[in-house]
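What follows is a short report on a single structure.
The values are calculated or read from the model by the stated rules, or taken from the named source; none is laboratory data. Note that the coordinates shown come from a computational prediction; the quantities given were computed from them, not determined experimentally. Cβ sites come from the backbone with ideal geometry, for glycine too, and all protein chains shown count toward neighbours. Remember, those area values only see protein heavy atoms, side chains included, never the ligands or the DNA or RNA. Shrake-Rupley method; radii C 1.70, N 1.55, O 1.52, S 1.80 Å.
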Amino acid sequence: MFGALNRIIGRLDAGNEERNSSSNAAGFQVLRNVNPEVPLEPWFDFVIGINGRTIDNPDPNLFATEVRNCAGSTISLGVYSAKGQKIREIFLPIPAEKPTLGLSLQWTPLSVVEDVWHILDVIPNSPADVAGLLPYGDYIIGSPEGLVRGESGLVELVEDHLDRPLRLYVYNHEYNVTRPLTITPSRSWGGEGALGCVLGFGALHRIPAPLEEPPHAPGETLFASSAPHSQPTSFDENGPLPGSDIASPVPAPLAGASPSLFIPANLSLPSKSPPPVMHTPPPAGSAPPKVRKAKTHHAPPPMVGGGLNDYFAEGEAKSREEDYAPKSKSPVPPPPKIGRPPMGGPPRGGPPKGGIQKSGTPVQGQEEDGDAGGQVEGA
């Protein structure tokens, strides 16, 4: 049901597009070109002007008469191309013996170039994959089986050729070629859709302008230098300099660069002292100005040997010498200070065996307490 509604809406839209296309620009579309000297491509090119005037009359006799009137001279044609939607002007000589261009033309609206379908993706082992459609680069531009107009035109053509061969005209943008292709739509191939590819339609999927050069195949050189003795684009700081046989560890500076940007780390930098100050003599009769002691600027010591590594190692050694960390050999500790006994009460195991021990230094009053204690124990 929904499919039938979509078809009806698509046909109505196609009818509206046909009615609106009558008011749009049109021109003579090139259907066939038998003259190799005329740079016009069939289907893609439209003749929209002649000798500086826009063609607004679809009568082909007027166009042919204008060409015959230019016999023996040059004619200018305004051409609209579907590739990139660009307009260009070409100049063609018309022979006097046979004043013709060798073209087959048809008056066609320019909007027909919008009826193209861009191949965005191809599912493996699908009918599109078997037929040889290429993702991103291929555009379906028509079919000899009938006219394809509107977004639903290709869908209807595919449904009418289910399980039957369908011929299509496919343009490839990467190689700028148009080829005929035969595909057999089917819904039993094992995937989604009858073609097995993702299609794009609309303003974002118009045919772009052709590339200047075709893409390179795998393994081909993209950027080749024509000069046989061209200079290398890279250098090795440990390799020899160009034009010499002596190896040097210092790389040559690049052209146009300042020499100070390429100073190796193992070379000492020259000290930069401020420029001397020019003193003007004081006027006669005035006291001489006070002379201030100038500050001296010491240049960093030259780095000899390993360069920055030795410089940082020396600084690290000096930092360790000035550190307050304890040294391996410490002097004899000082004697303890004399003071009152430590507080905290008697030891936990009780008084020692054998009575109260007296300290080596007698204290006044301590012996009396000891004698009194002995008397109490002897009583």
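Some notes on this structure:
- The residues of the range 41-177 expose on average 51 square angstrom of accessible surface per residue, using a 1.4 Å probe on protein heavy atoms.
- One decimal place: the segment T54-D160 gains 34.1 nm when fully extended, by the rule 0.36 nm per residue minus the C-alpha distance.
- Listed peptides 88-97, 110-119 by packing density, highest first (mean Cβ within 10 Å): 110-119, 88-97
- K86 accessible area, assembled protein chains, probe 1.4 Å, Å²: 120 Å²
- Working ranking of peptides 143-151, 66-74 by packing, defined as the average number of other Cβ atoms within 10 Å per residue, highest first, is 143-151, 66-74.
- Annotation: amide H-H contacts under 5 Å for L199 (H modelled 1.01 Å from N, sequence separation of 5 or more, or interchain): L120.
- J(HN,Hα) series, the range 62-78, from Karplus relation 6.51 cos²θ - 1.76 cosθ + 1.60, nearest Hz, glycine and proline x: 5, 5, 5, 5, 5, 5, 5, 5, 9, 5, x, 9, 10, 10, 10, 10, x
- Our estimate of slack between Y169 and E66, defined as 0.36 nm per intervening residue step minus the Cα-Cα distance, is 33.8 nm.
- For the range 152-205, the share of accessible area belonging to carbon and sulfur comes to 53 percent (1.4 Å probe, ligands and nucleic acids excluded).
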